[in-house]
Amino acid sequence: GGHGDHTVELCRRRPDVRVTVFDLPETVTALREDAPRDRVTVRAGDYLTDDLGSGYDLVLLFNVLHGHRPEECRELFRRAAKSLSRTGSIAILDHDREPPAGLGPAAAGFLGMFDLTLWQGHGGGVHRYADLAAWLGEAGLTETQVVPLAASPLEKLLIAGRPS
């Protein structure tokens, strides 16, 4: 959703892909103008309450979860899992509340302050990836891959799908 940076890049790298961008009405208006309109469908709504659709091969939840309380994340995982095709996956990009070893106290300090800011502003927070994996399991999905990001060491990409 949002600005569509990931949508544009995904379409650039995969000319065969079709994308549905789902976000709040005030947010989808910010979709980049260079998003290929013949391959991108825009749907406005609230992903915690509105119909997400079905049959998706991939659901991206990029920098979404840290704005939500644990029970909202669980509900979003349940809803996203129901929207997937039989072989579909969910990809999550977000900060991990537990910084990688070796980054020093500044990393933990940043995550602590970010967590406090999110709690104060939204009632959400920065979640531990171990918790995300458990919540995905509650939604019937299993973690298939966790990818650390060299360019952003406090974030990880977590990919989950249905058990085989």
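Here region 46-161 is assigned +1 on the Cβ of each Lys and Arg and -1 on the Cβ of each Asp and Glu. Its dipole about the Cα centre then comes out at about 160 debye.
Model label points for ASP131 and ARG78, set 7 angstrom from Cα along the Cα-to-Cβ axis, are 1.8 nm apart. The trypsin sites (Lys or Arg not before Pro) of region 63-135 that DSSP puts in a loop, and whose beta carbon has at most 14 other beta carbons within 10 Å, are ARG128.
For n ≥ 4 DSSP H runs only, could you compute -39500 (n - 2.57) per run for the chain, divide by its residues and tell me the 222 nm figure to the nearest 500? Intermediate values should be presented prior to the final figure.
Values: 5 runs with 55 residues, N = 164.
Only helices count here, giving -10000 deg cm²/dmol.
Under 5 Å from the amide H of VAL126 lie the amide H atoms of ASP115, each residue being 5 or more positions distant or on a separate chain, with H modelled from the backbone and absent for Pro and chain starts. Amide H contacts for SER89 (H built 1.01 Å from N in the peptide plane; partners 5 or more residues away or on another chain; cut-off under 5 Å): LEU58, VAL59. Look at the dipole of the chain built from charges on Cβ: of LEU132, GLY53, ALA150, the Cα furthest out on the positive end belongs to GLY53. Among the trypsin sites (Lys or Arg not before Pro) within region 1-55, those in coil by DSSP and having at most 10 neighbouring Cβ atoms inside 10 Å are ARG37.
A dipole drawn for the chain from +1 and -1 charges on Cβ atoms has a positive end, and of ALA101, GLN120, PHE22 the residue lying farthest that way is PHE22.
When the convex hull of its Cα atoms is viewed from all sides, region 35-96 shows a mean projected area of 5.0 nm². Each residue of region 44-61 is assigned a 3J(HN,Hα), and the resulting list reads 8, x, 10, 5, 8, 10, 8, 4, 8, x, 8, x, 6, 7, 8, 10, 9, 10 Hz, derived from the Karplus form 6.51 cos²θ - 1.76 cosθ + 1.60 (θ = phi - 60°), x at Gly and Pro.
Read-outs throughout are calculated quantities, based only on the coordinates presented, and are distinct from any laboratory measurement. Keep in mind that this is a model prediction, so the values were computed, not measured. Virtual Cβ from ideal backbone geometry, glycine too; neighbours counted across all protein chains shown.
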